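> Have a look at this one before I ask anything.
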Amino acid sequence: MEPKRITLSIDSTLKDVALIGLSINKICSQIPLTDVETYQIEACVVEAINNTIEHAYENKTGHRVDVHVSLHLDRIVFQVSDTGLSMKNTLSPSLDFDPEDIENLPEGGMGLFIIHQVMDTVTYTSNTHKNTLEMTKAFLDHP
Amino acid sequence: MRLETKIDGDILIVRALEKRMDAKVAVEFRAEMGRYIDDGHRRIVFNLGDINFIDSSGLGAIVSCLKHVGREGDLVIAEAGETVLSMFKLTRMDRVFQIFATENDAVKSMAT
């Protein structure tokens, strides 16, 4: 069966990211996921878009961020695409810290960690025209 | 970012009046909290009861505030919902912050 597909697009501004986040949450509410799972998936897409705006587009507005969503019977796939600077490192980062060592607690670098923790597969492709972060979350079949 | 504050003894209680604590508001939150801390408020209860979404930028801003209050102060979390709490657990920040079910519990813990 062909997956259901939708593409959501915003300008590269942080104030519009919530529009996609809320849309993703609503889409995920149609599939058999808990509220926490749905929330965490929304968070992953938001983190991916934030990274695109802050790093690929260096916080400059006027660029397009696309989120392609493919809903399969047993998984949902998100492709977050941009035409900005490519990410240098998309490997699963570690988030090791001593909770007692307040001065050295991480304030950033948690977005990619969250994505790798929540999603089942994460891939990043980059060519001269486009960068795409693809994230897949599997779930039990739904009717 | 809209914040509501009240004082209980030497404890500053800050309630976020937003639904989302994300990258859009994180910088502003950090700056506003920085002003309260610089004014001498070093014991803070941050009530997340109205927040239904937090991302890593929001978490990072709260961590920044904890660093700002320093070892002589304290910043604890109150009334975080299940979904928001899941983000603290996912990033292991639940090991850093004391998290209380109610604002009263948080205030009591700081008062003792």
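The values are calculated or read from the model by the stated rules, or taken from the named source; none is laboratory data. Note that the coordinates shown come from a computational prediction; the quantities given were computed from them, not determined experimentally. Neighbour counts are summed over all protein chains in view; Cβ atoms, including those assigned to glycine, are modelled from backbone coordinates with ideal geometry.
> Within segment A:55-66, track down each residue that is surrounded by fewer than 22 Cβ atoms within 10 Å (Cβ to Cβ) and closer than 15 Å to residue A:8 by Cα. Spell out the reasoning first.
Filtering segment A:55-66 for residues surrounded by fewer than 22 Cβ atoms within 10 Å (Cβ to Cβ) gives A:55, A:57-64, A:66.
Listed by number, the residues that qualify are A:63, A:64, A:66.
> Something else now. Kindly indicate whether residue B:79 is out of contact with any strand residue (DSSP E or B) (no Cβ under 8 Å at 6 or more places or on another chain) and more than 10 Å from chain A (Cβ to nearest Cβ). Steps first, please.
Numbers: out of contact with any strand residue (DSSP E or B) (no Cβ under 8 Å at 6 or more places or on another chain): no; more than 10 Å from chain A (Cβ to nearest Cβ): yes.
Against the criterion (out of contact with any strand residue (DSSP E or B) (no Cβ under 8 Å at 6 or more places or on another chain) and more than 10 Å from chain A (Cβ to nearest Cβ)), residue B:79 does not qualify.
> Let me ask another. Can you tell me which residue among A:37, A:47 is in contact with a strand residue (DSSP E or B) (Cβ under 9 Å, 6 or more places away or on another chain) and of a type outside the set (A, V, I, L, M, F, W, C)? Lay out the reasoning, then the answer.
On the way: A:47 fails: in contact with a strand residue (DSSP E or B) (Cβ under 9 Å, 6 or more places away or on another chain).
Among A:37, A:47, only A:37 is in contact with a strand residue (DSSP E or B) (Cβ under 9 Å, 6 or more places away or on another chain) and of a type outside the set (A, V, I, L, M, F, W, C).
> Just to be sure, is residue A:76 modelled with pLDDT of 95 or more, surrounded by 15 or more Cβ atoms within 10 Å (Cβ to Cβ) and within 11 Å of chain B (Cβ to nearest Cβ)?
Numbers: modelled with pLDDT of 95 or more: yes; surrounded by 15 or more Cβ atoms within 10 Å (Cβ to Cβ): yes; within 11 Å of chain B (Cβ to nearest Cβ): no.
Taking the combined requirement at face value, the residue does not satisfy it.
> Something else about it: Looking for whichever is surrounded by fewer than 18 Cβ atoms within 10 Å (Cβ to Cβ), over 14 Å from the mean Cα position of the chain (by Cα) and without any contact (Cβ under 8 Å) to a residue 24 or more places away in the chain here; the options are A:94, A:86, A:126. Which one fits? Explain how you work it out, then say what you get.
Values: A:86 fails: without any contact (Cβ under 8 Å) to a residue 24 or more places away in the chain; A:126 fails: without any contact (Cβ under 8 Å) to a residue 24 or more places away in the chain.
That would be A:94, the only listed residue that is surrounded by fewer than 18 Cβ atoms within 10 Å (Cβ to Cβ), over 14 Å from the mean Cα position of the chain (by Cα) and without any contact (Cβ under 8 Å) to a residue 24 or more places away in the chain.
> Could you tell me whether segment B:84-94 includes any residue that is touching a helix residue (DSSP H, G or I) at 6+ places or on another chain (Cβ under 7 Å) and touching a residue at least 40 places away in the same chain (Cβ under 8 Å)? Quick ask: steps written out before the conclusion?
First pass over segment B:84-94, keeping only residues touching a helix residue (DSSP H, G or I) at 6+ places or on another chain (Cβ under 7 Å): B:86-88, B:90-91, B:93-94.
Then keep just the ones that are touching a residue at least 40 places away in the same chain (Cβ under 8 Å); that gives none.
So far as segment B:84-94 goes, no, none of its residues is touching a helix residue (DSSP H, G or I) at 6+ places or on another chain (Cβ under 7 Å) and touching a residue at least 40 places away in the same chain (Cβ under 8 Å).
> State yes or no: is residue B:34 touching a His at 6+ places or on another chain (Cβ under 7 Å), more than 10 Å from chain A (Cβ to nearest Cβ) and more than 23 Å from residue A:52 (Cα to Cα)? Break it down stepwise before answering.
Details: touching a His at 6+ places or on another chain (Cβ under 7 Å): yes; more than 10 Å from chain A (Cβ to nearest Cβ): yes; more than 23 Å from residue A:52 (Cα to Cα): yes.
So residue B:34 passes the test.
> Next up: Looking at segment A:61-71, is at least one residue of a type outside the set (Val, Ile, Thr) and either closer than 19 Å to residue B:25 by Cα or modelled with pLDDT under 95 (or both)? Outline the logic, then answer.
So in segment A:61-71, the residues of a type outside the set (Val, Ile, Thr) come out as A:62-64, A:66, A:68, A:70-71.
Narrowing further to those that are either closer than 19 Å to residue B:25 by Cα or modelled with pLDDT under 95 (or both): none.
Within segment A:61-71, none of the residues are of a type outside the set (Val, Ile, Thr) and either closer than 19 Å to residue B:25 by Cα or modelled with pLDDT under 95 (or both).
> Would you confirm whether or not segment B:42-64 contains a residue that is basic (Lys, Arg) and either in contact with a His (Cβ under 7 Å, 6 or more places away or on another chain) or without any contact (Cβ under 8 Å) to a residue 12 or more places away in the chain (or both)?
Let us first name the residues in segment B:42-64 that are basic (Lys, Arg), namely B:42-43.
Restricting the remaining residues to those that are either in contact with a His (Cβ under 7 Å, 6 or more places away or on another chain) or without any contact (Cβ under 8 Å) to a residue 12 or more places away in the chain (or both) gives none.
The answer is no, given that none of the residues of segment B:42-64 is basic (Lys, Arg) and either in contact with a His (Cβ under 7 Å, 6 or more places away or on another chain) or without any contact (Cβ under 8 Å) to a residue 12 or more places away in the chain (or both).
> Continuing with the same structure: Can you spot a residue in segment B:10-18 that is in a helix (DSSP H, G or I) and either touching a Ser or Thr at 6+ places or on another chain (Cβ under 9 Å) or among the hydroxyl-bearing types (Ser, Thr, Tyr) (or both)? Step through it out loud before you land on a result.
Step one: list which residues in segment B:10-18 are in a helix (DSSP H, G or I), which gives none.
For segment B:10-18, residues in a helix (DSSP H, G or I) and either touching a Ser or Thr at 6+ places or on another chain (Cβ under 9 Å) or among the hydroxyl-bearing types (Ser, Thr, Tyr) (or both): absent.
> Inside segment A:81-119, can you point out the residues that are of a type outside the set (Lys, Arg), away from chain B (no Cβ under 14 Å) and out of contact with any Ser or Thr (no Cβ under 6 Å at 6 or more places or on another chain)? Break it down stepwise before answering.
Of segment A:81-119, the ones of a type outside the set (Lys, Arg) are A:81-87, A:89-119.
Keeping just the survivors that are away from chain B (no Cβ under 14 Å) gives A:81-87, A:89-91.
A:83, A:84, A:85, A:87, A:89, A:90, A:91, listed by residue number.
> Working only within segment A:98-123, note down all residues that are touching a Phe, Trp or Tyr at 6+ places or on another chain (Cβ under 9 Å) and surrounded by 16 or more Cβ atoms within 10 Å (Cβ to Cβ).
Residues satisfying the conditions are A:105, A:106, A:119.
> Let me ask you something else. Counting only residues that are polar (S, T, N, Q) and surrounded by 17 or more Cβ atoms within 10 Å (Cβ to Cβ), how many does segment A:24-54 have?
Going through segment A:24-54, the residues polar (S, T, N, Q) turn out to be A:25, A:29-30, A:34, A:38, A:40, A:50-52.
So of that shortlist, the ones also surrounded by 17 or more Cβ atoms within 10 Å (Cβ to Cβ) come out as A:25, A:38, A:40, A:50-52.
Result for segment A:24-54: 6.
> Restrict the check to segment A:120-129 and report whether at least one residue is under 25 Å from residue B:24 (Cβ atoms) and either modelled with pLDDT of 95 or more or not in a loop (DSSP other than H, G, I, E, B) (or both).
Initially, segment A:120-129 is screened for residues under 25 Å from residue B:24 (Cβ atoms), giving A:122, A:124.
When the remaining residues are screened for being either modelled with pLDDT of 95 or more or not in a loop (DSSP other than H, G, I, E, B) (or both), the result is A:122, A:124.
The answer is yes, given that some residue of segment A:120-129 is under 25 Å from residue B:24 (Cβ atoms) and either modelled with pLDDT of 95 or more or not in a loop (DSSP other than H, G, I, E, B) (or both).
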